[in-house]
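Every number in this text was worked out from the coordinates using simple rules, so none of it is lab data. Here the structure is a predicted model, which means the values were calculated and not measured. Neighbour counts run over all protein chains shown; Cβ positions are idealised from the backbone, glycine included.
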Amino acid sequence: MDHDPALPADADGAITLEAIRTRQQLAAALRVLHIRADEPSLRTLANRVIPGQAALGRTTVSEMLNGRKLPSKAVLTSFVLACGETDPTGWQRARNRVRLAELHTSPPPPPLDTSEPPSGTIDIERWRIVAQVAEELACIGRYDLACTLQTQIHHAFATHHGPEHLKTLVTRHDLADLTGKAGDPAAARDQFAALLPVYERVLGAEHPDTLRTRYDLAYLTGKAGDPAAARDQFAALLPVRERVLGAEHPDTLRTRYDLADLTGKAGDPAAARDQFAALLPVRERVLGAEHPDTLTTRHYIAYWTREAGDAAAARDQYAALLHVGERVLGAEHPDTLTIRYDLAYLTGKAGDPAAARDQFAALLPVRERVLGAEHPDTLTTRLQLAFWKKTARRRNYR
């Protein structure tokens with residue numbers, strides 16, 4: 001097929017997302033994705049949008065595919081998932097690179113005036129522009145600056161709309177989210193805890209935004225260092241999401257995942273192993289056997305099997321996972337190298353120090369080449385190699 005000259009593609013016609021640097025390239029890639037999805041109509045795309053994700057309007061989609069306007073991260077995610085993609089991460093990163101390139105090549109904006117008119121009224125349109133700036137700062141990882149702006153945005157919206165208006169609550173939710181991403185999970189947890197009863201009163205206990213706030217509260221509770229409380233919150237949330245969203249909705253599956261993870265971190269590795277094992281066939285059916293989330297679930301089954309004290313079973317699980325990781329991710333992907341490290345470690349723990357030594361010896365030069373000689377993972381690999389060399393020698397002397 002003849003490719004759009006703006007489209008970065010390899011010799012086989014596969015889209016090279018990593019090479020996208022301009023809005024025209026992103027638009028061309030999205031057009032190809034739409035064609036390869038058999039060109040679903042706008043109505044079909046809209047029907048495929050998962051509840052809670054950004055809507056796909058006719059004008060929005062047209063401007064995105066023609067390159068007239070860079071889509072928001074939320075709109076891009078809705079579109080690529082509706083076209084059949086299972087993991088939007090590569091597309092999101094491409095979009096962020098385009099936005100960064102445009103910021104660097106555009107003339108600098110005038111200084112942001114956040115003062116209010118003398119009358120004391122709120123120019124809410126100006127604050128919507130400030131909100132876009134905060135969103136872009138968050139997209140490039142400047143959560144501290146985004147959080148500072150979001151505090152002002154929330155105050156402006158609360159003054160203009162009222163403290164319990166839906167738009168004000170959204171800005172309050174975004175502020176709590178940015179607070180956590182900026183490195184203060186305890187403060188974010190407290191903000192979500194204060195926001196939750198407001199959402200319950202205004203929207204209802206089972207509204208999707210209320211459930212999302214409950215999820216964020218549980219997640220930040222765990223991040224703030226209380227895995228047992230987070231586990232209990234996820235356990236209470238799960239049956240509600242199953243009833244409201246369905247047992248196989250992505251948000252429900254994510255809640256099951258976090259419940260299993262926090263169960264292990266709260267001190268019950270055997271229960272965590274069993275919960276991940278129960279989640280695996282659902283993710284395989286819904287996402288596919290080689291989806292990244294499915295592979296992550298398999299990794300945690302092996303991890304919690306190890307933590308539960310069965311090194312031999314965990315070793316065999318990592319060995320089976322390694323073959324899939326090498327095929328799907330590549331032999332030198334960081335996640336594949338982590339699996340190789342865990343396999344070598346469990347091989348030693350299962351009673352074969354010589355094999356562990358040989359596996360670490362084979363892994364070390366790869367990590368040195370991929371990560372660098374001084375990377376923490378490389379240094380840990382070197383230490384493990386020395387340990388299993390010594391352990392294997394001791395066994396031979398017996």
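Below is a table of values for the structure above.
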{"quantity": "Computed [θ] at 222 nm, deg cm²/dmol, the chain (DSSP H ≥ 4; -39,500 (n - 2.57); rounded to nearest 500)", "calculated": "-24000 deg cm²/dmol"}
{"quantity": "Potential extension, GLU164-ALA354 segment - 0.36 nm per residue separation minus Cα distance", "calculated": "61.9 nm"}
{"quantity": "Only Lys, Arg (+1) and Asp, Glu (-1) charged, at Cβ; region 314-398 dipole about Cα centre in debye", "calculated": "620 debye"}
{"quantity": "Cα gyration tensor, region 294-357 - rounded (a/c under 1.5), prolate or oblate", "calculated": "oblate"}
{"quantity": "Region 144-239: C-alpha gyration tensor shape, a/c 1.5 cut-off, then a/b vs b/c", "calculated": "oblate"}
{"quantity": "Whole-Hz ³J(HN,Hα) from phi, Karplus 6.51 cos²θ - 1.76 cosθ + 1.60, for region 178-195, glycine and proline x", "calculated": "5, 4, x, 5, 7, x, 10, x, 5, 5, 5, 4, 5, 5, 5, 5, 6, 6"}
{"quantity": "Evaluated at q = 0.06, 0.07, 0.10 Å⁻¹: base-10 log I(q)/I(0), Debye formula over Cα of the chain", "calculated": "-0.31, -0.43, -0.87"}
{"quantity": "Region 184-309 - charge dipole about Cα centre, Lys and Arg +1 at Cβ, Asp and Glu -1, debye rounded to 20", "calculated": "120 debye"}
{"quantity": "Amide proton proximity set for LEU70, modelled H, under 5 Å, gap of 5+", "calculated": "none"}
{"quantity": "Most positive-pole-ward Cα, HIS165, GLN233, ALA134, against dipole of region 122-246 from beta carbon charges", "calculated": "GLN233"}
{"quantity": "Nearest-ten-degree value, helix 311-328 long axis tilted from longest Cα axis of the chain", "calculated": "50 degrees"}
{"quantity": "Lys/Arg +1, Asp/Glu -1 at C-beta; the chain dipole; positive extreme among LEU145, ALA29, PRO269", "calculated": "PRO269"}
{"quantity": "Per-pair calculated FRET efficiency, R0 = 45 Å: ALA205 and ILE140 via Cβ, rounded to 0.05", "calculated": "0.80"}
{"quantity": "Approximate shape of region 317-398 as ellipsoid semi-axes (Cα gyration tensor, √5λ), whole Å, largest first", "calculated": "22, 16, 8"}
{"quantity": "Given charges at beta-carbon only (K, R positive; D, E negative), |dipole| of the chain in Debye", "calculated": "980 debye"}
{"quantity": "Lysines with Cα under 20 Å of LYS265, excluding same-chain neighbours fewer than 8 positions away", "calculated": "LYS223"}
{"quantity": "Calculated FRET efficiency for the pair THR338/ARG382, C-beta based, R₀ 22 Å, to 0.05", "calculated": "0.90"}
{"quantity": "Residues PHE387, PHE79, PHE157, sorted so that the one with the fewest Cβ neighbours within 10 Å comes first", "calculated": "PHE387, PHE157, PHE79"}
